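Q: My structure is below; once you've seen it, I'll send some questions.
The values are calculated or read from the model by the stated rules, or taken from the named source; none is laboratory data. All values reported here derive from a predicted model rather than from experimental measurement. Neighbour counts are summed over all protein chains in view; Cβ atoms, including those assigned to glycine, are modelled from backbone coordinates with ideal geometry. Quick note on the areas: whole protein, heavy atoms, side chains included, nothing else; ligands and nucleic acids left out. Shrake-Rupley method; radii C 1.70, N 1.55, O 1.52, S 1.80 Å.
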Amino acid sequence: PPGRRLPMPEANDELRALAADFNSLLQRQEEASRRLRRFTGDAAHELRSPVASIRVQAEVAVTNPDPELAQETLADILAEAERLSALLDGLLTLARSDAGELPPAEPVELVTEARAAAERLPADSPQVRVSGVVGQAWAHAAPAEVELVLNNLLRNACRYARSRITVSVLAGHSTARVVVDDDGPGIPPEHRDRVFDRFYRVADDRSRSSGGSGLGLAMVAEAVRRRGGRVTVGESPEGGARFQVSWRRAGAGNGEAAPAR
Ligand code: ADP
């Protein structure tokens, strides 16, 4: 039961320290289980809506003989099924991360990854400019993590940008950084702390209708932070959103050989 704590023994310092450790452990455990309960509840809630929609549409298709309407209904069902499957992929990724599964780290070159991510975007996306302030920047990460981060940040930028997206890659003394700027509406300061929370959306209907799961930035934050990296959101000089991700530089005191140039 939450709230139970060991009483602090009066005299013995060692015992007091032990009791304090034990109590802080209890508190962390309670927080973790509260987080897990909320996550499970939120996930069920999020899964319910596409499933309900598929059901309703399928009922329409089954009972209505008009083939044109059936075609439309099937297209809607397909779109909902795709949303559901993206949601499940996200949940699975986060569950693996929660379970502490960490792919092995290796030096990952960010300019190359950023160009590849930009090329994976749909052809009708806003223009993406990749500028490497340095020739190369090697991050201490797993390739799949960098791909996940860039895919999600670029996909979001495309969703909101009016016409331009800039990806800048920088190498510092001990960090390798990616900055993604867009010229969209940006994220109001009061939401910036929470956009990395699971299922959080700034404006519900806007991103629901564009098919977002609300898990993209949560996965980004998780992938970066578990490597000791940092991710922040602010305002881009173009007026839109600016997402900055920094990883530790590969070879910078990671017990790892510096990559060959
Ligand atoms: P979703 O899958 O809904 O896009 P994310 O976790 O990727 O979920 O993003 C969370 C919310 O942050 C989005 O719903 C949107 O409101 C906001 N957001 C993310 N990226 C941007 C951006 N580049 N510009 C404006 N708002 C953004």
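Q: Going highest first, how would you order 127-135, 87-95 by mean Cβ packing within 10 Å?
A: 87-95, 127-135
Q: I've got another one for you. Note down the net charge around Leu121, summing +1 for each Lys or Arg and -1 for each Asp or Glu among other residues with Cβ under 15 Å from its Cβ.
A: Numbers: positive: Arg115, Arg120, Arg129, Arg155, Arg159, Arg164; negative: Glu113, Glu119, Asp124, Glu147, Asp182.
So the surrounding residues net to +1.
Q: On to the next question. Within the chain, what whole-number % of the accessible surface is contributed by carbon and sulfur, with the 1.4 Å probe and all protein chains included in the calculation?
A: Values: 8020 of 15220 Å².
Carbon and sulfur together cover 53 percent of it.
Q: Can I ask one more? Kyte-Doolittle mean at least -1.0 and Cα extent at least 24 Å along the axis: which DSSP H helices of the chain qualify? Each step should come with its number before you reach the end.
A: Numbers: long enough: 13-63 (75 Å, -0.43); 67-98 (46 Å, 0.23); 143-160 (26 Å, 0.02).
Membrane-span-like by this criterion, though nothing is claimed about a membrane: 13-63, 67-98, 143-160.
Q: Let me check I've understood the local charge: for Asp98, count other residues with C-beta under 11 angstrom from its C-beta, Lys and Arg +1, Asp and Glu -1. What total comes out? Numbers along the way, then the final one.
A: Values: positive: Arg35, Arg96, Arg198, Arg226; negative: Glu101, Glu222.
For residues surrounding Asp98, the net value is +2.
Q: Given the whole protein assembly as supplied and a 1.4 Å probe, what does the accessible area of Ser53 come to in Å², nearest 10?
A: 30 Å²
Q: Now, a different point. If the stretch 63-197 were replaced by its equivalent ellipsoid, with semi-axes equal to the square roots of 5 times the Cα gyration tensor eigenvalues, what would those be, largest first, whole Å? Can you show the working numbers first?
A: Details: eigenvalues 222, 83, 47 Å².
Each semi-axis is the square root of five times an eigenvalue, giving 33, 20, 15 Å.
Q: Using only the alpha-carbon atoms, what does the chain span along each of its principal axes? Please give whole angstrom values in decreasing order.
A: Principal-axis extents of the chain (Cα, largest first): 82, 54, 34 Å.
Q: Another question, then. Give me, ordered by chain and number, the residues 5 or more places off Arg162 or on other chains with an amide H under 5 Å from its own placed amide H.
A: Under 5 Å from the amide H of Arg162: Asp183, Gly184.
Q: Give me the 1.4 Å probe accessible area per residue for the stretch 55-180, excluding ligands and nucleic acids, in Å². Please list the in-between numbers first.
A: Numbers: 7000 Å² over 126 residues.
So the stretch 55-180 comes to 56 Å² accessible per residue, rounded to a whole number.
Q: Between Arg159, Arg120, Arg34, find the one with the highest GNM mean-square fluctuation for the chain; connect C-alpha pairs within less than 10 Å.
A: Sorting by GNM fluctuation, first place goes to Arg34.
Q: Can you give me the long-range amide H partners of Val130? Hydrogens built in the peptide plane at 1.01 Å from N, cutoff under 5 Å, separation of 5 or more residues or another chain.
A: For Val130, the qualifying residues are Val167.
Q: Tally Lys and Arg at +1 and Asp and Glu at -1 over the other residues with C-beta under 10 Å from the C-beta of Ser53: what net charge comes out?
A: Details: positive: Arg48, Arg55, Arg83; negative: Asp76, Glu80.
Combined, the nearby Lys, Arg, Asp and Glu give +1.
Q: Before rounding to the nearest 500, sum -39500 (n - 2.57) across all DSSP H runs of length at least 4 in the chain and divide by the residue total; then give [θ] at 222 nm in deg cm²/dmol.
A: Working: 7 runs with 132 residues, N = 261.
So the helix-based figure for the chain works out to -17500 deg cm²/dmol.
Q: Moving on. For the stretch 109-232, give the magnitude of the charge dipole about the Cα centre (Cβ charges: +1 Lys/Arg, -1 Asp/Glu; no others), in debye to the nearest 20.
A: On the way: 18 positive and 15 negative charges, 25 e Å.
Approximately 120 debye in magnitude.
Q: For the stretch 97-155, restrict the atom set to alpha-carbon positions and state the Rg and Dmax in Å.
A: Rg, Dmax (Cα atoms, Å): 12.9, 38.
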